[in-house]
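Undergrad: Below you'll find the structure I mean.
Bear in mind that the values in this text are calculations on the coordinates, not laboratory data. No experiment lies behind these values; they were computed from the predicted model shown.
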Amino acid sequence: MNSSREPRPAHWKWIVCGLLLLASAINYMDRQTLANAAVRISREFSLTQTEYGNVEAVFGYAFAAGSIAFGWLADRVSIRWLYALVLALWSVAGFATGFVRNYDELLACRTLLGFFEAGHWPCGIRTTRMLLDARQRSLGNGVLQSGASVGAIITPLIMSALMTADLATWRLPFQVIGAASLLWILPWLLLLKRDDLPPAISAEHRDEATGNFWRVIFSRRMLIVFFVIACINTTWQILRAWLPKFLQEGRGYSENHALWFNSAWFAATDIGCLGAGALAVWLARRHLSVHTARVVVFAASGALCASCVLVPWLGKGWQLLFVLALTGAGALGVFPIYHAFTQDISGAHQGRITGVAGVAAWLIPAQIQKLFGMLADRTGSFDLGLVLAGFLPVLAAVPLWLLWETKRDSGNPVRTSDS
């Protein structure tokens, strides 16, 4: 950002963060339509649990490929235009899903959706890094990440309103949500000016930056990042994709009850996400170093997620729903802290760091989705898979605590009047 330009108002960066929240909400609305209609779609296309797991898997594989492509672009082109483009493309893919006629077409649409949705995170994470200093980033990332829950809270309510007893009415929410998502582009382009969020790597420095990038990728911090994101995203994607099926087919809830609880569950995850980001900021300001505050909050969120171990012993009832809510709060609470760790690695390569980490974040969970479905088919239960997934965030906290090397952050946030 041009340092000679007049500083932005202090609140401007948080307005931008609010738009990032909306982008995350749209991202998850387009994504969660499938999970919320999973039982209907499975019936219409006669899918086994393994085949449904494969639908989630191709989304993950495509997301991994898109993470590389858009991570590379995010450091080289204007985020203002790239963000608008990828949001438009994934919205069209979500809209098209409402017209699929068979299993193969469903796989194709989910593949395109996964590829283009991957552009959201390199764009969003690089934006919060440019806007906020190291102490503010956990909260900024919490706002960005919490949009996922906001979108997922709204989606079941929309689907409950639009779907009728007619099995085929699952298609309408895909069409409505996909079309409405495009409205985000206008305020984004109006709020940011042409020279806002410029490329992190200029054309004349790209050769030098490429050499530095490979040193970053093979550093200890990045190896830890690969392990952490593979763990926490596996947990999150399993819970996100299978919860409606678990409630209906695993515990006998009606579709309507499952949709309403799914909305409440994502509200709990939103509380966990925003609460984790705010708590990390509070601890860093009053009691602990930034690094220690992050590790403490990450570990506490992981411990909440591990409460999933109780699920096999709980039948239909409020105790089960309460434990699932705690698990969800912990599962999403680790993400703003994780993103803050990645933002300490390299500002010049933030887009590619997010993109390359996205490969680990999605290739492994994509394969696990298939295995989860196979396990459910084999055992006739979702319980064991949920328990195993619930412990992964605790495991991810260990290298952050023991192996992460702390360094002085060199990020240069956009100047505002309070900077």
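Undergrad: Any idea how far the Cα center of segment 121-135 sits from the one of segment 42-97, in Å?
TA: Using only Cα atoms to place each centre, the spacing works out to 22 Å.
Undergrad: Now for a different question. Taking Rh as the Kirkwood radius, which is the inverse of the mean 1/r over Cα pairs, what is the Rg/Rh value for segment 229-273? The partial results should precede the final answer.
TA: On the way: Rg = 11.5 Å, Rh = 11.2 Å.
Value, to two decimals: 1.03.
Undergrad: So, one more: State the Cα centre-to-centre distance between segment 205-283 and segment 325-351 in whole Å.
TA: Each part's Cα centre sits 8 Å from the other's.
Undergrad: Oh, and also: Which helices pass in the chain if a helix is a full DSSP H run, must span at least 24 angstrom along its long axis by Cα, and must have mean Kyte-Doolittle hydropathy not below -1.0? Mind dumping the intermediate values first?
TA: Details: long enough: 12-36 (35 Å, 0.58); 49-74 (36 Å, 0.59); 79-97 (27 Å, 1.51); 134-162 (43 Å, 0.68); 220-245 (39 Å, 0.85); 255-286 (46 Å, 0.46); 318-343 (39 Å, 1.19); 350-379 (42 Å, 0.49).
Helices meeting the span and hydropathy rule in the chain are 12-36, 49-74, 79-97, 134-162, 220-245, 255-286, 318-343, 350-379.
Undergrad: Say we join alpha carbon atoms closer than 10 Å with springs in a Gaussian network model of the chain; which of Leu20, Leu106, Leu332 then has the biggest fluctuation?
TA: Among Leu20, Leu106, Leu332, the largest mean-square fluctuation in the Gaussian network model of the chain belongs to Leu106.
Undergrad: Next question. Along its principal axes, what span do the Cα atoms of the chain show, with the longest given first and each in whole Å?
TA: 61, 42, 37
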